[in-house]
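*Asks:* Here it is: the structure, laid out below.
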Amino acid sequence: MYLLTEHIAQHVRLSPEEAALFLAHTETRRYKAKSVLQHAGRVCTETYFITSGLVRSFYINDNIVEHILHFACEGWWISDMYSLFSGKPGDLFIETLEDTEVIVLPKAQQELLYQQLPQLERYFRLLAENSLVAHQERLRDNMSRSAEERFEKFCKRYPSLIQRVPQKQIASYIGVTPEFFSKMKGKMLRK
């Protein structure tokens, strides 16, 4: 809980009573590695704050190939935002890669909290803005940077994930096949 209240404090100010009210609307859950928190085809009704562990979101295309959209580790939020906001079934899976503890914020509780604690609406707006900027940057990188450049940027931006995420999933995240990734990484190491 401390990690979450510290994260909130980086963006907005809550009194101890307001922080307690916020936390009263959440639930802590623990999952084993490879647990699915959200299934494609279902409506997403929750957002997850990672207090320990590692999570990924991905979709599976028509050729049964996984495409990873996000990783989330300690101190990060994750959800199927399309489904959460639209109320329609989403196409993302959210799965734990390690034993993971999350703080769950149901959408209905989040809406109630916006009425009770308006600064939380600002907090989540700031997170959404930061997420939008990161997504736009990633999309631009995927269109204009080489796979090597995307991998180097991933390593610089998320150094703590390099040892925690399987290489085939890093390959998926940067948009290459595992075979290409292996050859590319070998070539980069020889340089």
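The values are calculated or read from the model by the stated rules, or taken from the named source; none is laboratory data. Please read all numbers here as calculations on a predicted model, not as lab measurements. Cβ atoms come from the backbone with ideal geometry, glycine included; neighbour counts cover every protein chain shown.
*Asks:* When you look at R29, is it more than 28 Å from V176 (Cα to Cα) and not in a helix (DSSP H, G or I), yes or no?
*Replies:* So R29 fits the description; yes.
*Asks:* Which is under 30 Å from V176 (Cβ atoms) and in contact with a strand residue (DSSP E or B) (Cβ under 9 Å, 6 or more places away or on another chain), of I103, I64, I94?
*Replies:* Within the list I103, I64, I94, the selection yields I94.
*Asks:* Mind checking whether some residue in the range 136-149 is among the aliphatic types (A, V, I, L, M) and under 21 Å from W77 (Cα atoms)?
*Replies:* Yes, the range 136-149 contains at least one residue that is among the aliphatic types (A, V, I, L, M) and under 21 Å from W77 (Cα atoms).
*Asks:* Turning to a different aspect of this structure: Please indicate, with yes or no, whether at least one residue in the range 75-84 is within 16 Å of the chain's Cα centre (by Cα), at pLDDT below 95, closer than 30 Å to M188 by Cβ and of a type in the set (A, V, I, L, M, F, W, C).
*Replies:* Within the range 75-84 (the criterion being within 16 Å of the chain's Cα centre (by Cα), at pLDDT below 95, closer than 30 Å to M188 by Cβ and of a type in the set (A, V, I, L, M, F, W, C)), the answer is no, since none of the residues qualifies.
*Asks:* Separate question: Are any of the residues in the range 113-131 over 30 Å from L23 (Cβ atoms), surrounded by 11 or more Cβ atoms within 10 Å (Cβ to Cβ) and free of Cβ contacts under 8 Å to residues at least 40 places away in the same chain?
*Replies:* No, the range 113-131 contains no residue that is over 30 Å from L23 (Cβ atoms), surrounded by 11 or more Cβ atoms within 10 Å (Cβ to Cβ) and free of Cβ contacts under 8 Å to residues at least 40 places away in the same chain.
*Asks:* Here's a follow-up. Six or more apart or on different chains, Cβ under 9 Å: which pairs go from a residue in the range 172-189 that's on the phi > 0 side of the Ramachandran plot and modelled with pLDDT of 90 or more to one that's among the polar types (S, T, N, Q) and in a helix (DSSP H, G or I)? Could you list them?
*Replies:* G175/N142
*Asks:* When the residues of the range 1-42 are filtered to those that are out of contact with any Phe, Trp or Tyr (no Cβ under 9 Å at 6 or more places or on another chain) and aliphatic (A, V, I, L, M), which remaining residue is surrounded by the fewest Cβ atoms within 10 Å (Cβ to Cβ)?
*Replies:* Across the range 1-42, the extreme among qualifying residues is A24.
*Asks:* Within the range 78-90, take every residue that is buried (at least 16 other Cβ atoms within 10 Å of the Cβ) and not polar (S, T, N, Q) and give me the one that is nearest to L23 (Cα to Cα).
*Replies:* I78
*Asks:* Sticking with this one: Pairs needed: first member in the range 11-25, closer than 22 Å to A128 by Cα; second member anywhere, at pLDDT 95 or above and of a type in the set (F, W, Y); C-beta distance under 6 Å; at least 6 residues apart or different chains.
*Replies:* Going by the 6 Å Cβ cut-off, the qualifying pairs are H11/Y123; V12/Y123.
*Asks:* Within the range 43-70, how many residues turn out to be hydrophobic (A, V, I, L, M, F, W, C), crowded, with 17+ Cβ neighbours inside 10 Å and not in a strand (DSSP E or B)?
*Replies:* The number of residues fulfilling the criteria is 1.
*Asks:* Could you please give the count of residues in the range 132-163 that are surrounded by 14 or more Cβ atoms within 10 Å (Cβ to Cβ), of a type in the set (K, R) and closer than 21 Å to Y59 by Cα?
*Replies:* Qualifying residue count for the region: 2.
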